[in-house]
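Notes for the one structure printed next.
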Amino acid sequence: MMTSQVLKPEVEQLRGGLIVSCQAPAGSPLDAPEIIAALAATAELNGAVGVRINGPAHIAAVRMRLEVPVIGIEKITSAESEVYITPTLDSARRIAASGATIVALDATRRRRPGNDTVDALISGVRAGLGVAVMADIATEDEGLHAAGCGADIVATTLCGYTAETRGCPIPALELVERLASRLSIPVICEGGISSPDELRRAFDCGAFAVVVGGAITGVDLLVRRFAAAAKRIR
């Protein structure tokens, strides 16, 4: 295991707690700053230690209402690269300027827009923006590399969503356990947590904190699932 380090206060606040990802699909009635802010405020009121928010407008609205750390991302799709979670330093700059206390970014080994590198992006965010970096990874190698580049947090967000890991079971509890045994920085379990029991298992595997999204705030998907199961009698 690497030598331990002092955590930034905004990272330390997440220790042992639930982070709620408050996002909505594009085109959903929920995809509005005031509604996302209300979801985030509800999460904080009921015990969440942090929230994960997509987009500068939503981040700014949430930051005005919450005191817990805001993990910010900006999703940008392009034909140039599969990387879409905070793919560039410019997107990270917009997130930080909107009030995010932690910037999360794709730290996989995939080709990035403009052929930029994970190393350059992480160092640019830390040095130029002065905020903590959460590295979203898919494999153990990527987690170790991101930590070596200076990431403050490693998260299993993208396990199961890259060509190399497609089909891997999520939540990626084995990945959490392997990374937690090798890293001194926090390892966050994100992706596929659907119950309190799974959340507890993630902590048993060494998770520093756990992110839950769709199981709590994925209203569109939840309604579709229940509606599909409904027997309509006319």
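Considering only helices (runs of 4 or more DSSP H) fully contained in segment 14-118, which possess at least 1 residues that are touching a helix residue (DSSP H, G or I) at 6+ places or on another chain (Cβ under 7 Å) and among the charged types (D, E, K, R)?
Ranges flagged: 33-45, 89-97.
Pick from THR139, THR156: which is farther than 21 Å from PRO9 by Cβ, free of Cβ contacts under 8 Å to residues at least 40 places away in the same chain and buried (at least 23 other Cβ atoms within 10 Å of the Cβ)? Quick ask: steps written out before the conclusion?
Values: THR139 fails: buried (at least 23 other Cβ atoms within 10 Å of the Cβ).
Exactly one of THR139, THR156 is farther than 21 Å from PRO9 by Cβ, free of Cβ contacts under 8 Å to residues at least 40 places away in the same chain and buried (at least 23 other Cβ atoms within 10 Å of the Cβ), namely THR156.
Within the group VAL211, VAL219, which residue is out of contact with any Gly (no Cβ under 8 Å at 6 or more places or on another chain) and within 25 Å of ALA37 (Cα to Cα)?
When all the criteria are applied, what remains is VAL219.
Give me a count of the residues in segment 178-197 that are surrounded by 17 or more Cβ atoms within 10 Å (Cβ to Cβ) and either out of contact with any helix residue (DSSP H, G or I) (no Cβ under 7 Å at 6 or more places or on another chain) or without any contact (Cβ under 8 Å) to a residue 12 or more places away in the chain (or both).
5
Test of understanding: among ALA180, ALA202, ALA155, which residue is touching a strand residue (DSSP E or B) at 6+ places or on another chain (Cβ under 9 Å) and more than 23 Å from ILE216 (Cα to Cα)?
Every option except ALA180 fails the conditions.
Picking from ARG126, ARG111, which residue would you name as being touching a Ser or Thr at 6+ places or on another chain (Cβ under 6 Å), surrounded by fewer than 19 Cβ atoms within 10 Å (Cβ to Cβ) and more than 25 Å from ALA202 (Cβ to Cβ)?
Result of the check over ARG126, ARG111: ARG111.
Coordinate-derived values only; no laboratory data. These numbers come from a predicted model, not from an experiment. Counting neighbours? That spans all protein chains shown, and the Cβs are built from the backbone with ideal geometry, glycine included.
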